[in-house]
Amino acid sequence: MEEATAVQQEYSAAREIWKKFRKSRTAVSGLAAILFLCAVAVFAPLIANGKPLLVFMNGSLSSPAFSAVISPESSEWFVEKSFNFLIFFLPLLLLLWIFTRRMRRKFFRFSALFLAVLLLIPFLMHGRKIDKTPWRDIASAMKAPDFAVFAPVPYGPFETVAVPYRKPSREHWFGTDHAGRDVLSRMIYGARVSLAVGVLATGIAMSLGTVIGLFAGYKGGKTYLLVMRLVEIVICFPTFLLLLILMSIMLDYGSRQSILLVILVIGLTGWTGLCRLVRGETLK
């Protein structure tokens, strides 16, 4: 009896799911691809950046890329600052977990929350800052002992660095676009947009669909009919047309947060299918 009780206590549903998951090569390969995309999106400023990561000049050491991480040049400050925050938060969170894993979980949660609030302060205090210093020209003219360390892709996503439609080369691995911007750099930063829209829009739609579907299925009666009519109305909305209308309105008011608007529109119009599914399961 004691052995059976010990086995029951050691059983973990998450561990069993992970064992079954590892047996599928397709699932593991897909997870590896997703983690790689997430890593590229989070650490994009360390992979592609027109500003040096480290500069030693006139006897002083500085990091222009660090100040650009705190104050990104992009007008899409919500997405940029969210991912830049993770550059610092994720490694520190891992270190915190390593040093506190033998302590109580409450202490780890409190420490993680305190760390997140502490790291948010510089991001909230600093706004958009444009730095037009020609760092590559300065670095090429440096003489020992001065030096500058650039990212593997030494170009930013918004820099016009070459002639348009340049073919792939050693300088520009994927060539340049119609404006002379490095394509590889733009693809690396584009991973941020893809993840932000996919994760946040899906999260909004999933939350709304689950809550409204549960409410409609549980209450029934007139509430059920009213919610289903609301679902049918939302389904009739042309998402792309609604997005264009809202973007034009927001641009008139001076807003440049187009990605944030895309997330909200997709999230607020994409919950209907899940709502119907949850409503049906609730009725069962």
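The values are calculated or read from the model by the stated rules, or taken from the named source; none is laboratory data. Treat the numbers as computed from the prediction; the structure is a model and nothing was measured. Backbone-built Cβ (ideal geometry, glycine too); neighbour counts: all protein chains shown. Note: accessible area is taken over every heavy atom of the protein model, side chains too, but ligands, DNA and RNA are not part of it. Shrake-Rupley method; radii C 1.70, N 1.55, O 1.52, S 1.80 Å.
Quick look at the numbers
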item: Leu214 vs. criteria among the aliphatic types (A, V, I, L, M), closer than 13 Å to Cys275 by Cβ, open to solvent by 50 Å² or more (accessible area, probe 1.4 Å) and under 25 Å from the mean Cα position of the chain (by Cα); result: no
item: Test: residue in the range 255-266 that is farther than 30 Å from Val40 by Cα and either acidic (Asp, Glu) or touching a helix residue (DSSP H, G or I) at 6+ places or on another chain (Cβ under 8 Å) (or both); result: no
item: Residue match in the range 179-190 (condition: among the small types (Gly, Ala, Ser) and assigned to a loop (DSSP other than H, G, I, E, B)); result: yes
item: Whichever residue in the range 127-159 is free of Cβ contacts under 8 Å to residues at least 60 places away in the same chain and among the small types (Gly, Ala, Ser) and, among such residues, is surrounded by the most Cβ atoms within 10 Å (Cβ to Cβ); result: Gly127
item: Ser29 hydroxyl-bearing (Ser, Thr, Tyr), free of Cβ contacts under 8 Å to residues at least 40 places away in the same chain and out of contact with any Ser or Thr (no Cβ under 7 Å at 6 or more places or on another chain); result: yes
item: Qualifying residue in the range 231-241 (condition: within 25 Å of the chain's Cα centre (by Cα) and within 30 Å of Ser74 (Cβ to Cβ)); result: yes
item: Single unsatisfied condition, Gly190 versus (1) open to solvent by 60 Å² or more (accessible area, probe 1.4 Å); (2) under 18 Å from the mean Cα position of the chain (by Cα); (3) without any contact (Cβ under 8 Å) to a residue 60 or more places away in the chain; result: (1)
item: Any helices (runs of 4 or more DSSP H) falling wholly within the range 1-78 and containing at least 1 residues that are aromatic (Phe, Trp, Tyr), within 23 Å of Ala191 (Cβ to Cβ) and at pLDDT 85 or above; result: 25-42, 64-70
item: Selected residue (only one of Leu94, Leu124, Leu120 is open to solvent by less than 90 Å² (accessible area, probe 1.4 Å) and either among the aliphatic types (A, V, I, L, M) or assigned to a helix (DSSP H, G or I) (or both)); result: Leu120
item: Checklist (1) at pLDDT below 90; (2) over 14 Å from the mean Cα position of the chain (by Cα); (3) among the hydrophobic types (A, V, I, L, M, F, W, C) applied to Leu92, failing item; result: (1)
item: Residue count, the range 22-81 (criterion: more than 17 Å from Ile130 (Cβ to Cβ) and touching an Asp or Glu at 6+ places or on another chain (Cβ under 7 Å)); result: 2
